[in-house]
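Okay, structure first, notes after.
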């Protein structure tokens, strides 16, 4: 055997041995109760009672393809600014990874808490009650959630297949923005619309699909992640924390496939709601939940699995600096705080000030993407308009693209650039903390992640 052949043979032996001994892909699941106790505050009202279905924080830890990746969905209205930082930092430590490998999202139910440690610090520093930003309960949740994530990592199970499926959800989502002949928004069809004339308007632009990404070991599912874009309200301000109709749909699918944890994420639903199909009647919560669950069922039945190895699973993220709304002025916000103006204290003024200061300090938001086989799951901040989700799917028609929005809640609504000239609630100064040019930042980031 000559020396060149011996060297090549030795290299092949080392390579094969490395492949054989490589750690397998594993996935851990976590699920904890995050329902606030009676007497504490939600985003709009104090908690006065409990319901059969509480609020959950659920997710997965993906291990074996570089640094672990944590995907977490919380049944809260928003986790913003320093609060979002704290969740990602603590979950990263629990999973032995870095914060840029952690995606934390809310489902945006309205009978639910809001977390923003930056806003809380601003109010406490001014000697003002933190009101709905009191972070005591959120910090308790964070401790318990971190422990659950660490346990999920230790007890993670192997997976060797990924499943991808999608189906149309019928008579749930509709566009909230009703346009007149001049191309301007003439009415907003909120998630609950008692006006029959607004309900009679067309659905408008939506993404009708629910997307399912599942992880399997052989023929056994371990976790199912679902993605659907809509505001999740049927009715609210009940004083009872509840996961609304997406929580009902998730529960129905959980009992249908009990061996796998079902985790649901809200897609780019900033300008989407159930208003065409919901007049606010309490009975509609069940109806909308069953319709969403039916779409999830059909997506599950259409799922096709394919083998995956470590080389087929990748995480990438792009830090972006979103342009701040030109309506945000720090001196004016501080003056409102000092004057104890009700509009500042009860209309998220502290959250806006926290967002503005972070942006001025150069803070960036990570836009992430998990690639798993042919699947690409994008992770975006704020109340994103559905156009971003549709653009992402159109960008890579050769792939299975899903999107989770409602990550860092600091930006609030994020419209398209054109939307800021069209009118409507979502792009008003009180609703959006970013400038119209946010589209010029987010779309290139999405394209880069899908290309990579």
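Any read-out appearing in this document is the output of simple, stated calculations on the displayed coordinates, not a laboratory observation. No experiment lies behind these values; they were computed from the predicted model shown. For neighbour counting, all protein chains shown are included, and Cβ atoms are generated from backbone atoms with ideal geometry for every residue, glycine included.
Let me know the shape class of the range 106-234, please: from the alpha-carbon gyration tensor, a ≥ b ≥ c as square roots of the eigenvalues, rounded when a/c is under 1.5, otherwise prolate if a/b is greater than b/c, or oblate.
It is oblate, given that a/c is not under 1.5 and a/b is not larger than b/c.
Using a Förster distance of 51 angstrom, determine the FRET efficiency expected from the C-beta separation of residue 399 and residue 179, and round it to 0.05.
For residue 399 and residue 179, the calculated efficiency is 0.95.
How far is helix 438-451 tilted off the main Cα axis of the chain, in degrees rounded to 10, range 0 to 90?
20 degrees
Roughly what % antiparallel, to the nearest 5, for the DSSP beta bridges in the range 26-451?
Of all bridge pairs located within the range 26-451, approximately 70 percent are antiparallel.
What whole number of Å gives the distance from the Cα centroid of the range 278-294 to the Cα centroid of the range 35-56?
The two parts, judged by their Cα centres, are 21 Å apart.
Quick check: the angle from helix 283-301's long axis to the longest principal axis of the chain, C-alpha only, nearest 10 degrees?
With both axes taken from Cα atoms, the answer is about 20 degrees.
Pull out the extension gain between residue 199 and residue 346, defined as 0.36 nm times the separation in residues minus the alpha carbon to alpha carbon distance; nm, one decimal.
Gain on stretching residue 199 to residue 346: 49.9 nm.
Please compute the modelled spin-label separation between residue 279 and residue 45, points set 7 Å along Cα→Cβ, answer in nm with one decimal.
2.2 nm
For residue 168 and residue 428, calculate 0.36 nm times their separation in residues minus their Cα-Cα distance, and state this gained length in nm to one decimal.
Using 0.36 nm per residue and subtracting the Cα-Cα distance, I get 90.5 nm.
Enter the Cα centre distance for the pair the range 117-151 and the range 387-421, rounded to the nearest angstrom.
28 Å
Expressed in nm to one decimal, what extension gain is obtained for the pair residue 361 and residue 38 from 0.36 nm per residue of sequence separation less their Cα-Cα distance?
Working it through step by step, the gained length comes to 112.5 nm.
So what's the Cα pair-distance distribution over the chain, bin width 10 Å, in %?
All Cα pairs considered, the percentages come to 4, 21, 32, 26, 11, 3, 2, 1, 0.
Mean residue ellipticity at 222 nm from the helices of the chain, using -39,500 (n - 2.57) per DSSP H segment of n ≥ 4 over the full residue count, to the nearest 500 deg cm²/dmol?
Calculated from helices alone, the mean residue ellipticity at 222 nm is -10000 deg cm²/dmol.
Based on the Cβ-Cβ distance of residue 326 and residue 259, what FRET efficiency does E = 1/(1 + (r/R0)^6) give at R0 = 51 Å, to the nearest 0.05?
In this case the efficiency is close to 0.50.
Sort 367, 62, 149 so that the residue with the fewest other Cβ atoms within 10 Å of its own Cβ comes first and the one with the most comes last.
Arranged by neighbour count, lowest to highest, 367, 62, 149 become 367, 62, 149.
So, R0 is 51 Å and r is the distance between the beta-carbons of residue 421 and residue 306; what FRET efficiency does that work out to, to 0.05?
FRET efficiency, residue 421 to residue 306: 0.70.
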